[in-house]
Amino acid sequence: MASLDRVKVLVLGDSGVGKSSLVHLLCQNQVLGNPSWTVGCSVDVRVHDYKEGTPVEKTYYIELWDVGGSVGSASSVKSTRAVFYNSINGIILVHDLTNKKSSQNLYRWSSEALNKDLVPTGVLVTNGDYDQEQFAENQIPLLVIGTKLDQIHETKRHEVLTRTAFLAEDFNAEEINLDCTNPRYLAAGSSNAVKLSRFFDKVIEKRYFLRDSNQIPGFPDRKRFWGGTLKGLHYD
């Protein structure tokens, strides 16, 4: 199999929001039967057709880096997470729709990843402390995904989704809400699938076609993967 160019996408959010289940669904198109806590980072790979159906269509590897979501001391956070924030091309921010705190903590996660050398690690940043100007010049594409939609009663969904809608606006990102135990939420042709494809296309464009942008540069070593996945790789 010919080698493919790749991009690195972080998957960030609190522990228990369903990041591992989401990554498994995105990469394997299957429900993760027995999810476990991620320690350090787990990497899986999705094959994506950039600009599918157009003359410029090209296949890329999307590396999804599922970063453990536990909050530790500043020193432990720096040693176990900061290393994963290098050379990123996109970020998926994941929150639990049934857990308001996990939504608010996305501001901390974005701060930690995008400003790893400036923002004190291990410090919670809620929307009340969020300075939108801080990310005004961000060139890294973001996507916000809310999980556990199935656990919200239909009579409450409008209220919850209205409450979380501000996240996408604050991060200048598209929003997807789903149930990771049901693949139909990402079925081909669905609005969620279109948003996801559009996000990956944007990540690829920023990495390979907009050379003059202020994005974080890509992998310096330019190593290639030769098929398969990286699922199960953990970094401590």
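The values are calculated or read from the model by the stated rules, or taken from the named source; none is laboratory data. Please read all numbers here as calculations on a predicted model, not as lab measurements. Positions of Cβ are generated from backbone atoms using ideal geometry, with glycine treated the same way; all protein chains shown enter the neighbour counts. Please note that ligands, DNA and RNA were not included when accessible areas were found on the heavy atoms of the full protein model with its side chains. Shrake-Rupley method; radii C 1.70, N 1.55, O 1.52, S 1.80 Å.
Filtered by the rule that a residue be open to solvent by less than 30 Å² (accessible area, probe 1.4 Å) and of a type outside the set (A, V, I, L, M), region 12-37 gives GLY13, ASP14, GLY18, LYS19, SER20, SER21, HIS24, CYS27. Quick one: is SER42 at pLDDT below 95 and either out of contact with any Asp or Glu (no Cβ under 7 Å at 6 or more places or on another chain) or aliphatic (A, V, I, L, M) (or both)? No, not satisfied.
TYR107 meets the conditions (1) hydroxyl-bearing (Ser, Thr, Tyr); (2) open to solvent by 30 Å² or more (accessible area, probe 1.4 Å); (3) modelled with pLDDT under 95 in every case but one. The failed one is (2). Do we find a residue being more than 27 Å from GLN30 (Cβ to Cβ) and acidic (Asp, Glu) anywhere in region 177-190? Scanning region 177-190 turns up no residue that is more than 27 Å from GLN30 (Cβ to Cβ) and acidic (Asp, Glu). Contact map, region 179-203: residues that are small (Gly, Ala, Ser) paired with residues that are in a helix (DSSP H, G or I), Cβ distance under 8 Å, separation 6+ or inter-chain. Pairs shown: ALA187/ALA193; SER190/ARG184; ALA193/LEU186. Pick from region 38-58 the residues that are part of a loop (DSSP other than H, G, I, E, B) and of a type in the set (D, E, K, R): which of them is surrounded by the most Cβ atoms within 10 Å (Cβ to Cβ)? Going through the qualifying residues, I end up with LYS51. Among residues of region 28-43 that are among the hydrophobic types (A, V, I, L, M, F, W, C), those with a beta-carbon under 7 Å from a residue that is open to solvent by 40 Å² or more (accessible area, probe 1.4 Å) at least six positions away or on a different chain give the pairs VAL31/THR181; VAL31/PRO183; TRP37/SER15; VAL39/HIS234; VAL39/ASP236; CYS41/HIS234; CYS41/TYR235; VAL43/LEU233.
Residue count for region 164-214 satisfying the condition of being at pLDDT 95 or above, among the aliphatic types (A, V, I, L, M) and in a helix (DSSP H, G or I): 6.
Against the condition out of contact with any Lys or Arg (no Cβ under 7 Å at 6 or more places or on another chain), closer than 30 Å to HIS153 by Cβ and touching a residue at least 12 places away in the same chain (Cβ under 8 Å), how does ASN99 come out, does it pass? Against the criterion (out of contact with any Lys or Arg (no Cβ under 7 Å at 6 or more places or on another chain), closer than 30 Å to HIS153 by Cβ and touching a residue at least 12 places away in the same chain (Cβ under 8 Å)), ASN99 qualifies.
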